[in-house]
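The values are calculated or read from the model by the stated rules, or taken from the named source; none is laboratory data. Computed from a predicted model, the values in this text were never measured in an experiment. Neighbour counts are summed over all protein chains in view; Cβ atoms, including those assigned to glycine, are modelled from backbone coordinates with ideal geometry.
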Amino acid sequence: MMLGLNMIDAYSSLNAETRWLISAFGGIIMCKLSYEFTGLVTPFIFKGFMKLNKAQKLEWMNRGFSTFHALFVAIASLYFLLISDLFDENAHEKMIIYRRSTLSETILGMSSGYFLSDMAMVIWTYPTLGGLEYVLHHGLSMFAILQSILSGEAEYYTFMVLFTEITTPFVNLRWYFDVAGMKSSKFYMWNGIAMFLGWLVARIVLFGFFFYHMYNHIDQVRQVHMITYYGLHMVPPVLAIMNLLWFFKIAKGMIRTLGKNKTHTS
C-alpha cells in the first residue's frame, strides 16, 4: 500500500511533459493489449473470423481497441463533467478554464496515446483503415489534447469533445454486423437507430452546448495562451462540421435500412 502511494506521489511530482509521456505510453500499451485481446477472443464469438481476408482481420482488431478506448474515455469524461467537482463552478474559486488534476491529465495522456497509435496504423495501412478525414480527425484531436495538457488550460472543453467518442462503439458494431453478413438482422437495424440517436445527442446537441458554454465564458477564454485561444476557435468548429456531414450520411443510411426492413416485413 505504502509503495503504491509513494509511486503516486512521485508521479504527481513530475512535470506535465513527463507525466504526458508516461501516460501516453500507457495508452499505447492499452491499445496493443486490447488489439491482441480482440484477435484472441473474436474466433470464439464469430466463427467466420478466420475466413476473413487480411485487411478485414486488421480492421476488425483495430476497431476492437477503438471501442475499448471509446468506452474508457467516455466514462472518464462523464465522471469529470458530471460526477467529480473538478469542473463544478460552485465548488472552486479557480476559473474553470484553468482547472485540472493529475488524474484528468493522465486520462488525457492515455487518450493521446490511443490517437497516436490509431493514426499510425491508419497512415501505415492507408487507405485500408480510413481516408484523409480520419487523419484530420485524429490530428485535430491530438492537437487539442496536447495543448490542453501542456498549457494546463481548457480541460473542461477537451473532455466535452472526448465524450463524443461514446458513439464509436455503435459505428464499430455497424461495421462488424456488415462484415458478418448481418445487415438484414434486427441487431443491425436497432444499432443503426442507436447510432443515429447517440450521434444526434453526443456530436450535434453537445457541440451546440459546447459553443454556448464557451461564449458564455468568453471572459475566461480570452485569458488563455494564444495557441489555446485559437485552438478553441478553430478545432471544435472543424470537428462540428465533420460531425454534421457524417450525421447526414448516418441519417440517410438509417432511413434506407428502415425502408428495406418495412419492405421485408410487408
Over 26 Å from Ile218 (Cα atoms), in contact (Cβ under 8 Å) with a residue 40 or more places away in the chain and of a type in the set (Val, Ile, Thr) - does that describe any residue in the range 9-28? yes
Please verify whether Phe187 is part of a helix (DSSP H, G or I), surrounded by 11 or more Cβ atoms within 10 Å (Cβ to Cβ), among the aromatic types (Phe, Trp, Tyr) and at pLDDT 95 or above, treating the condition exactly as stated. no
For the range 52-90, the count of residues that are in contact with a Leu (Cβ under 6 Å, 6 or more places away or on another chain) and farther than 22 Å from Ile29 by Cβ equals 1
Give the residue that is surrounded by the most Cβ atoms within 10 Å (Cβ to Cβ), with candidates limited to residues of the range 210-244 that are closer than 30 Å to Leu258 by Cα and without any contact (Cβ under 8 Å) to a residue 60 or more places away in the chain. Ala240
Within the range 135-178, count every residue that is out of contact with any Asp or Glu (no Cβ under 7 Å at 6 or more places or on another chain), surrounded by 20 or more Cβ atoms within 10 Å (Cβ to Cβ), hydroxyl-bearing (Ser, Thr, Tyr) and under 25 Å from Arg19 (Cα atoms). 5
Return the pair list, or none, for Cβ contacts closer than 7 Å from residues in the range 112-141 that are on the phi > 0 side of the Ramachandran plot to residues that are surrounded by 15 or more Cβ atoms within 10 Å (Cβ to Cβ) and part of a helix (DSSP H, G or I), at least 6 apart or on different chains. Gly130/Val122
Return yes or no: is Lys57 modelled with pLDDT of 95 or more and basic (Lys, Arg)? yes
Could you grab me the full set of residues in the range 33-44 that are surrounded by 12 or more Cβ atoms within 10 Å (Cβ to Cβ) and either farther than 24 Å from Thr106 by Cα or of a type outside the set (A, V, I, L, M) (or both)? Ser34, Tyr35, Glu36, Phe37, Thr38, Gly39, Val41, Thr42
Among the residues listed as Tyr215, Tyr230, the single one being of a type in the set (Phe, Trp, Tyr), under 26 Å from the mean Cα position of the chain (by Cα) and within 18 Å of Ser148 (Cβ to Cβ): Tyr230
Met182 modelled with pLDDT of 95 or more and in contact with a Phe, Trp or Tyr (Cβ under 6 Å, 6 or more places away or on another chain): no
Yes or no: Leu71 in contact with a Phe, Trp or Tyr (Cβ under 8 Å, 6 or more places away or on another chain) and either modelled with pLDDT of 95 or more or under 22 Å from Met182 (Cα atoms) (or both)? no
